[in-house]
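Notes to accompany the following structure.
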Amino acid sequence: MSLWALFFCSAFAQTFSFEGGVNYFLLDLQKEVAVSPYGGAGFELGLSDYTAGYLQGSYSYLRFKNNSDFHGTHQFVGRAGIEFFDFLGIGISLAGLRGDGATPQAENYMLSSNESEFGWDFRLKLNLLKFEKFTVGTKLYYDLIWTKPKNSHLLQAGIFFSLG
């Protein structure tokens, strides 16, 4: 099923990209979650001379600094938005988390089953090398995730390689 989805999206997309970088949580979560790598893929489709739509997804394995009930947490972030001038984007994000249980006490957490939240996504893209068939550059994502009791703030910075 996922291969069909990949084929369907890539058939209509003008650009397909791979990216990798680091997750960095801000404010309260900075004390709880260690800096960790992420890997991702994305599609872009030109909407006009100045705008493009994008779909992007990333996976990370997060490690906690102070919580020994979990080995870590699997995190998936999906984003959909509009990019202006091949540079600045805004959209909606969905962050999904699942704790990797280490102790029997971990079953008491909501995180041991699944947890997902929506939020805003802000994207900054800088093309460093642009050729006819591919581009290499850097992307910076800032996600404001609507968690309770306080919002979560995630920063992802990475390098991308795109074809198309």
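The values are calculated or read from the model by the stated rules, or taken from the named source; none is laboratory data. Since the model is a prediction, treat every value here as computed from it, not as a measurement. Note: ideal-geometry Cβ built from the backbone for every residue, glycine included; neighbour counts use all protein chains shown.
Count, please, the residues in the stretch 15-48 that happen to be at pLDDT below 85 and farther than 23 Å from Y61 by Cα.
Of the residues in that region, 0 qualify.
From S68, S10, S2, which residue is among the hydroxyl-bearing types (S, T, Y), modelled with pLDDT under 80, over 16 Å from the mean Cα position of the chain (by Cα) and under 26 Å from N151 (Cα atoms)? I'd like the intermediate steps shown before the answer.
Working: S10 fails: under 26 Å from N151 (Cα atoms); S2 fails: under 26 Å from N151 (Cα atoms).
Answer to the selection: S68.
Taking A52, is it at pLDDT below 80 and either under 23 Å from G158 (Cα atoms) or touching a Gly at 6+ places or on another chain (Cβ under 7 Å) (or both)? Explain how you work it out, then say what you get.
Values: at pLDDT below 80: no; either under 23 Å from G158 (Cα atoms) or touching a Gly at 6+ places or on another chain (Cβ under 7 Å) (or both): yes.
So A52 does not fit the description; no.
Here are some residues: K139, K125, K150. Which one is under 30 Å from H71 (Cα atoms), of a type in the set (K, R) and at pLDDT 90 or above?
K139
Would you pick out the residues in the stretch 113-164 that are more than 18 Å from G46 (Cα to Cα) and not in a strand (DSSP E or B)?
Once the filter is applied, which keeps residues that are more than 18 Å from G46 (Cα to Cα) and not in a strand (DSSP E or B), the stretch 113-164 yields S113, N114, W146, T147, K148, P149, K150, N151.
Give me the pairs, please: first residue somewhere in the stretch 113-135 and surrounded by 11 or more Cβ atoms within 10 Å (Cβ to Cβ), second residue anywhere and outside any strand (DSSP E or B) and of a type in the set (V, I, T), beta-carbon distance under 8 Å, and either six or more positions apart or on two chains.
From the stretch 113-135, the pairs are E117/T147.
I need the full set of residues from the stretch 154-164 which are at pLDDT 90 or above and not aliphatic (A, V, I, L, M), in order please.
Hits for the stretch 154-164 are Q156, G158, F160, F161, S162.
If you scan the stretch 139-162, which residues turn out to be of a type outside the set (F, W, Y), surrounded by 13 or more Cβ atoms within 10 Å (Cβ to Cβ) and in contact (Cβ under 8 Å) with a residue 60 or more places away in the chain?
The answer is K139, D143, S152, H153, L154, L155, Q156, A157, G158, I159, S162.
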